[in-house]
Structure formats: structure tokens, C-alpha cells
Amino acid sequence: MFGGTARRGLPAVAAGVAVLALIAGCGGGTQGEAQTVGNVSGLPVTHFDSGLKPDAPKPDLPVQDLTDSPEDTIAVAAIADVSDYWKETLPASFDGQPFEPVKKLLSYDPDGTPAEACGTSTADAAMNAFYCPPEDLVAWDRGQLLPFLRERFGEMAVVTVLGHEFGHAIQYRLGEKAGVDKQTKTIVKEQQADCFTGGYFRWMAEGRSKYFTVSTSEGLNEVMASLFFIRDQAGKSATDRGAHGTAFDRTFAFQTGFEKGAAECASMSLDNIEPRITEQPFDKKDSGEGDERVSSELLGYLKDSLDQAFAGAGVQGPEIVEGSGACANGPDTAPASYCPDDNTVNVDLAKLKELGRPVDKEAEISGDAGAPLGDFAALAEVASRYTQGVQKGVGASLDNSNAGLRTSCLVGAWAAATNTEGNRLRLSSGDLDEAIAELLQPRSLIAADVNGNQVPSGFARVESLRKGYLEGSGPCSEQYG
Ligand SMILES: [Zn+2]
């Protein structure tokens with residue numbers, strides 16, 4: 001976020017920073033009966049333990065250096081499972097194209113005896129998983145990456161990464177049908193692979209997998225969190241060599257595959273993804289890597305930009321008042337609460353300052369639940385409470401899960417509106433990912449109703465935020481009415 005004079009200059013310098021950083025606290029399944037509240041792309045919202053089925057078959061696949069570790073067990077089941085998915089999907093979606101299994105599979109430990117893969121030593125491939133086209137090889141780091149993913153996010157994170165790498169193998173099999181050749185930009189190949197992964201997870205969520213079950217709430221939350229983890233860092237350009245996309249871009253691709261299937265993924269090209277890709281370098285005017293200090297002044301800018309974004313609603317926007325963060329008579333969703341009695345948003349500035357400190361990558365990687373997520377995370381929380389006032393003004397309900405989705409949709413619409421001329425706030429590189437990181441936190445209000453009740457499906461939360469960002473506030477009331 002940049003608080004200052006509005007301008008959207010095109011940046012000259014790209015800061016090429018390496019990957020990695022993640023959000024805390026989305027791992028693990030929850031106990032309980034399946035239940036339905038709303039839906040996830042047409043599927044019911046379900047709650048149950050996600051992961052390898054107790055009665056899953058034992059795959060018979062030739063994997064070099066396979067161990068009997070839990071991670072290798074999940075990895076090899078994921079390869080067998082995604083192969084099953086493509087056995088059905090390739091002929092069905094691509095003119096009868098037969099499925100050919102991947103020729104080589106390799107499990108490696110970067111700290112163990114080095115193996116040679118794709119011309120490099122596995123000792124140099126820590127925290128990685130990859131597909132190598134010349135050898136038709138899928139390889140994964142069972143020593144560091146997979147245990148990390150499994151412990152932090154759950155088994156579905158491991159399946160996500162392998163589903164993605166397998167997606168690259170499919171891409172090479174499709175070749176022309178996916179519009180992929182030697183000139184194809186990395187970002188296109190990555191978007192397709194994330195999208196293919198979404199198609200695979202839909203199939204799993206529909207109960208068609210022999211190996212895994214995934215719930216559409218906590219199970220897909222693990223996927224969302226792992227896509228966030230493997231995002232590019234703020235400041236990268238989508239056209240940089242090796243660009244994989246922001247978390248916003250990666251979740252978009254995954255959800256497209258989940259909703260529309262593999263043929264849609266194969267149609268992704270530079271032409272049709274470029275207009276929506278959010279990955280951009282820092283603006284020359286961005287100070288502190290795009291992060292501003294959360295202050296009374298910044299809250300003033302925020303109020304102005306919210307008033308401007310929702311002027312069309314024709315209602316009196318709430319005032320933002322500094323206090324305890326709770327209402328005197330009404331909701332307490334500190335650090336920010338919407339108070340219907342006097343149409344104000346009460347904020348605890350000290351707490352927001354904490355939350356809005358620049359993203360701390362080390363705290364994220366170590367899994368610190370209190371890791372700061374950047375200025376835009378804090379401002380988006382306040383904006384979510386402001387939109388309660390807008391919703392109340394137009395007579396919408398404030399206390400159900402539709403209200404939660406409408407709220408995140410409106411926050412997305414506001415985020416996009418900050419890009420208009422005359423706004424003293426504007427998005428900087430990484431801001432949307434700060435919103436997604438915050439949105440995936442169990443504490444977040446961005447997709448919560450006036451009482452702070454959060455929509456349980458992270459997938460639905462991310463989708464509604466993006467909808468508002470890309471399409472404006474119109475669909476927010478139509479879709480989540
Ligand atoms: Zn990839």
C-alpha cells in the first residue's frame with residue numbers, strides 16, 4: 001500500500017527476490033459430521049478429516065529411492081491418484097488423447113546420498129519438487145520440503161505440490177493442445193499447472209479418488225495455504241524468468257481449474273492471462289517495499305478511499321473512530337468493530353499497527369501465529385468493518401455467511417477502486433497477497449459478518465474477494481444476496 005498522491009507509474013526496476021514465506025495456522029482437519037452451509041463452486045461445504053484414506057490401495061509404481069516415510073507414502077499415492085485422474089480426463093477433455101504414465105519418479109533427500117536428476121545434483125535441490133521434460137521425470141524432496149508442508153499445512157499440501165508437478169508433465173504431453181512450446185513463458189506454464197491441480201482436486205472433492213478424501217472447507221484451506229506458501233515474493237514481475245505468480249494469481253488459476261476443468265486450463269495463454277495477472281514490480285515511489293506505517297493519517301486516507309469506492313451506494317459511510325476496537329453497545333470484533341448504533345467503525349490503532357507491520361518472512365516460515373502481514377492486511381480488516389455500514393445502509397442482512405462473503409467481495413471491490421485516479425491510497429506490489437494471507441487467518445474479519453463469524457471455506461473466501469476485485473461491487477450483492 002502506498003499512502004500519498006495517487007499515481008500508477010509503470011515501474012522500471014524489478015526486484016527479483018526468491019520464493020518462500022507463508023501464513024500460519026491452516027493445517028489439520030477437524031472432527032465432525034459433514035454439514036452443508038452454502039457451497040464451494042457448486043459442491044457442498046463439508047467438514048471431515050482430509051488425507052489418505054485408511055483403505056487406500058498400495059500403489060505399484062517404480063520410484064527411485066522411495067522410503068516408507070509418511071511423506072513418501074503420501075507422495076506416491078498422490079502420483080498414482082493424479083495419474084488416475086488424467087487417465088479419465090485426457091481422453092475425455094482432449095479428443096481421446098491417451099494417457100501415458102510419467103517415465104521416471106524420484107524421491108530424494110538433499111542431505112542424503114546425492115543423486116543426479118536432470119543434470120543437477122539433488123544435494124542442490126532442497127525445498128523443491130520439479131518436473132524435468134527431457135527425462136520425463138517428477139522428483140520431490142522428501143527430506144525437507146514434504147515434511148515441512150505436511151507438518152505445517154497437512155497432507156493436502158503435499159498432494160497439491162505433486163499434482164502441480166504432474167500438471168507440467170501433462171502440459172508437455174498436450175504440447176500444441178495447451179499452446180506450449182519452447183517459447184512459452186514460465187508464468188503461463190505455471191498458471192496452467194496450478195489450474196490442472198484445481199481440476200484434479202475437484203475430482204477428488206467429488207469423491208472419485210481411490211486414495212484421498214478432501215473436504216471443501218478445511219481440506220481445501222490446506223491447498224489455499226500451500227499455494228500461498230509457494231507464491232512469488234512481492235516485487236517480482238510476471239514477465240521475469242521463473243515467475244510463478246502471486247498468491248492471488250495462483251489461487252485464481254487453481255480455482256479456475258476447480259470450477260471449469262482441464263480444457264479451460266489448457267486454453268490459458270499469455271494473451272488471456274496478462275490482463276488479470278497481478279504480479280508487478282514495486283513502483284519507484286514505493287517506500288519500504290511498499291509498506292506504510294499504520295497511523296491515524298493512513299486511516300484518514302483509508303476512510304476517504306472507502307467513501308469514494310462506495311459513493312455509488314448512496315449511503316452515509318461510517319466514521320472510523322479510534323478506541324478500544326469494540327462497540328460500546330454491540331459487536332466486539334476487536335481490533336475493529338462495526339457499531340450499528342452510531343454507524344462507526346471502532347478501531348484499536350495499537351493492535352492494527354502491530355498487525356500491519358511489514359511482512360516478516362522468517363516469522364512466517366517459523367509459523368509464528370502473530371506474524372505481521374503488512375499494511376494492507378490491517379487496512380483490509382478495517383475496510384471489512386466499514387462495508388458493514390454500507391451493507392446496513394442498503395438494507396442487506398449483516399449476520400449470516402452470505403454477509404461474510406459479501407463483505408470480502410466488497411473489500412475486493414474497494415481494493416480495485418484504490419487504483420483509480422485521485423485516490424491517496426493505492427495498491428503496491430504484494431498488497432493483494434497481504435489481503436489473502438490475512439483472509440486465510442482464523443482470526444480474520446475480511447470474510448466475516450458483523451459479529452465476526454467467519455465463512456468456513458477459505459476457498460469461498462478467496463473466491464469472493466477476487467470476484468469483487470476483478471468485477472467491482474455489482475456482483476457482491478447479486479451473488480451473495
Ligand atoms: Zn510449476
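For region 391-405, the set of residues classified as touching a residue at least 12 places away in the same chain (Cβ under 8 Å) and open to solvent by 10 Å² or more (accessible area, probe 1.4 Å) consists of K392, G393, V394, A396, L398, D399, N400, S401, N402, L405, listed by residue number.
When D232, D283, D271, D240 are checked against the criterion of being free of Cβ contacts under 8 Å to residues at least 60 places away in the same chain and of a type outside the set (A, V, I, L, M, F, W, C), a single residue qualifies: D271.
In region 237-249, the residue that is modelled with the highest pLDDT out of those that are farther than 16 Å from Q183 by Cα and more than 15 Å from the ligand (Cβ to nearest atom) is F248.
Tallying residues that are out of contact with any strand residue (DSSP E or B) (no Cβ under 7 Å at 6 or more places or on another chain) and assigned to a loop (DSSP other than H, G, I, E, B) within region 406-428 yields 5. In region 97-130, what residues are of a type in the set (S, T, N, Q) and within 23 Å of T160 (Cβ to Cβ)? If the condition is that a residue be of a type in the set (S, T, N, Q) and within 23 Å of T160 (Cβ to Cβ), then S107, T122, N128 are the ones that fit.
If you go through region 73-83 and pick out every residue that is of a type outside the set (A, V, I, L, M, F, W, C) and in contact with a Phe, Trp or Tyr (Cβ under 8 Å, 6 or more places away or on another chain), you end up with 2. Every residue in region 208-232 that is open to solvent by 10 Å² or more (accessible area, probe 1.4 Å), of a type outside the set (F, W, Y) and more than 15 Å from the ligand (Cβ to nearest atom), please. Once the filter is applied, which keeps residues that are open to solvent by 10 Å² or more (accessible area, probe 1.4 Å), of a type outside the set (F, W, Y) and more than 15 Å from the ligand (Cβ to nearest atom), region 208-232 yields R208, K210, T213, E218, N221. Residue-level check: of (1) within 14 Å of the ligand (Cβ to nearest atom); (2) out of contact with any His (no Cβ under 9 Å at 6 or more places or on another chain), A205 misses just (1). Note on region 122-136: residues that are more than 15 Å from the ligand (Cβ to nearest atom) and crowded, with 17+ Cβ neighbours inside 10 Å amount to 1.
For first residues located in region 128-150 and farther than 16 Å from V76 by Cα, partners that are open to solvent by 20 Å² or more (accessible area, probe 1.4 Å) and within 13 Å of the ligand (Cβ to nearest atom) and lie 6+ apart or on another chain with Cβ distances below 7 Å form the pairs P133/Y172. Summed over region 239-260, residues that are open to solvent by 10 Å² or more (accessible area, probe 1.4 Å) and farther than 18 Å from H168 by Cβ total 6.
Looking across region 166-210, the residues that are small (G, A, S) and not in a helix (DSSP H, G or I) come down to G179, G207, S209.
Residues in region 102-121 that are surrounded by 15 or more Cβ atoms within 10 Å (Cβ to Cβ), in contact with a Ser or Thr (Cβ under 8 Å, 6 or more places away or on another chain) and free of Cβ contacts under 8 Å to residues at least 24 places away in the same chain: P114 alone.
Taking the conditions (1) within 14 Å of E264 (Cα to Cα); (2) within 15 Å of the ligand (Cβ to nearest atom) in turn, L145 satisfies each one other than (1).
Residue pairs, Cβ under 6 Å, 6 or more apart or interchain, first in region 157-180 and in the same structural domain as D194 (by TED's automatic domain parsing) and within 11 Å of the ligand (Cβ to nearest atom), second open to solvent by less than 10 Å² (accessible area, probe 1.4 Å) and of a type outside the set (A, V, I, L, M, F, W, C). List them. As it stands, the answer is G163/T197; G163/Y200; H164/T197; G167/T197; Q171/Q192, since those pairs meet every condition given. Checked against (1) surrounded by fewer than 24 Cβ atoms within 10 Å (Cβ to Cβ); (2) farther than 30 Å from F282 by Cβ, A416 passes all but condition (2). Within region 419-445, if we keep just the residues that are within 18 Å of the chain's Cα centre (by Cα) and hydrophobic (A, V, I, L, M, F, W, C), the residue that is surrounded by the fewest Cβ atoms within 10 Å (Cβ to Cβ) turns out to be L427.
The values are calculated or read from the model by the stated rules, or taken from the named source; none is laboratory data. Since the structure is predicted, the reported quantities are computational estimates derived from the model, not experimental observations. Glycine also receives a Cβ, built like all others from the backbone with ideal geometry; neighbour counts cover every protein chain displayed. The accessibility values were calculated without ligands, DNA or RNA, using every heavy atom of the protein model including side chains. Shrake-Rupley method; radii C 1.70, N 1.55, O 1.52, S 1.80 Å.
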